[in-house]
Amino acid sequence: MALTRDLGFGPDELLVRDQARKLLQDNVPVDKLRTLVARDHHEAYETEVQPASWDESLWKQMVELGWTALSVPESAGGLGMKTIVSVALAEELGRVAVPSPLPATLAATAVLKAAGANAWLEKIAGGESATLAITPESGSWEPGDSDVEARAAGGNVTLHGKAAFVQDARKARLLVVAAKSAGGVALYVVPVDAPGVTITPDRIVDLTRDQATVTFDGVAVSAANVAAGEGKGKAAIEQALPAILTLLAADACGAAEWQLQTTAEYAKSRVQFERPIGFFQAVKHPLVNVMLGIDRARSLTYAAACAVDEDPADAPRLARMAKAAASDAAAFASDRSVQLHGGIGFTWECDVHLWFKRQKHTEQLFGNATQQRAHLARILEAAL
């Protein structure tokens, strides 16, 4: 394998990344995020339906800046930029822990792009949000595992069953659904308000996302809804999976960077024994280890992003490595950020809990570090 040396950050790519960083930092400061998702513990966790708060005006700005069109091919009305640009954007989204349908839309875009579903990609480039409804209730993240069936009767096709762990289902407008039939797995795109679609919110720890189980009760679909025909859906998901894992790894790296910087600043200002606690090696060394973990994960993440476009055969290996390393970095950064804030780190009033909870959610999506290494072992074994 020829390692990619050029990470692809030319002037256009740097412009998008820097633009995203400034817009998000200006529009999603910590106090606004707290007001949006964590005003009150009771409201967040004890109401009958957990809120799914987000800033729709910020979403409109994202669309106007072309963020939904970044990875959409030019032939489908997009910008046709490299995967690394979307990955850099995902890192900035994780850094500010923004509640938005954009991360789910980027993942859905990867699947639709692999399926060659240009008609639906045009809608996403134009500002439609989307999310993946491809996971069964068992929690399997294997491509093609689905509890949704496509049933044909009298020339009509209807969808029946449930898709679990659907990210930001109450923010997105389109569902990319994996459905089984005798001919194999197909992909359908269904509006969230289509007759027969029911969204049941899950109660999750992460307040910056929402998650749901989506039920399909005889949802009628036509040829226009097909993104990948029978027997082609599994291959499209498999092809898109490295990009999805890399996007998640980038989100975790961005959030871990926020945890590191915030905790380091706290260590400079918190005084014990007449000195800032950052003076003591028991605080310095863990922070350095957090930094090293982030750098390792980020390097693997951008290597995987390059491979998605330039070395697809090796992309699954690098993406699994990136997701595993980012999950490890997320877990360690989360642990240290709470511990080094001391007693206040465990309280609702301390903002680190928002990133801690986002990281715990990100770790599990599409498989945690242990699951990624198990897949990686199989990839390496097959290469022997």
Relative to the longest principal Cα axis of the chain, at what angle does helix 11-27 sit, 0 to 90 degrees, rounded to 10? 70
Which percent of Cα-Cα pairs in region 11-129 sits in each 5 Å bin, short to long? 2, 11, 20, 21, 17, 12, 8, 5, 2, 0
List Ile204, Ile237, Ile244 from most exposed to least, where exposure is judged by having the fewest other Cβ atoms within 10 Å. Ile204, Ile244, Ile237
Would you calculate the separation in nanometres between label points at Ala223 and Leu14, each defined as 7 Å from the Cα along the Cα-to-beta-carbon direction? 4.9
Volume of the Cα convex hull of the chain, divided per residue and given in Å³: 141
Sorted peptide list for 81-91, 220-230, criterion being average Cβ within 10 angstrom, highest first: 81-91, 220-230
So what's the angle, to the nearest 10 degrees on a 0 to 90 scale, between helix 315-340 and the longest Cα principal axis of the chain? 40
Spatially close lysines, pair count over region 11-129: Cα under 27 Å, gap of eight or more or interchain: 11
Sort out for me the Cα centre separation of region 313-330 from region 57-104, rounded to whole Å. 21
What angle, in degrees between 0 and 90 and rounded to the nearest 10, separates the Cα long axis of helix 281-310 from the longest principal axis of the Cα atoms of the chain? 30
List the chymotrypsin sites (Phe, Trp or Tyr not before Pro) within region 266-307 that fall in a DSSP loop (any state other than H, G, I, E or B) and whose Cβ has at most 15 other Cβ atoms within 10 Å. Phe273, Phe280
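No value in this document is a laboratory result; all are computed from the given coordinates. Note that the structure is a prediction, hence the values are computed from the model and not measured. Glycine also receives a Cβ, built like all others from the backbone with ideal geometry; neighbour counts cover every protein chain displayed.
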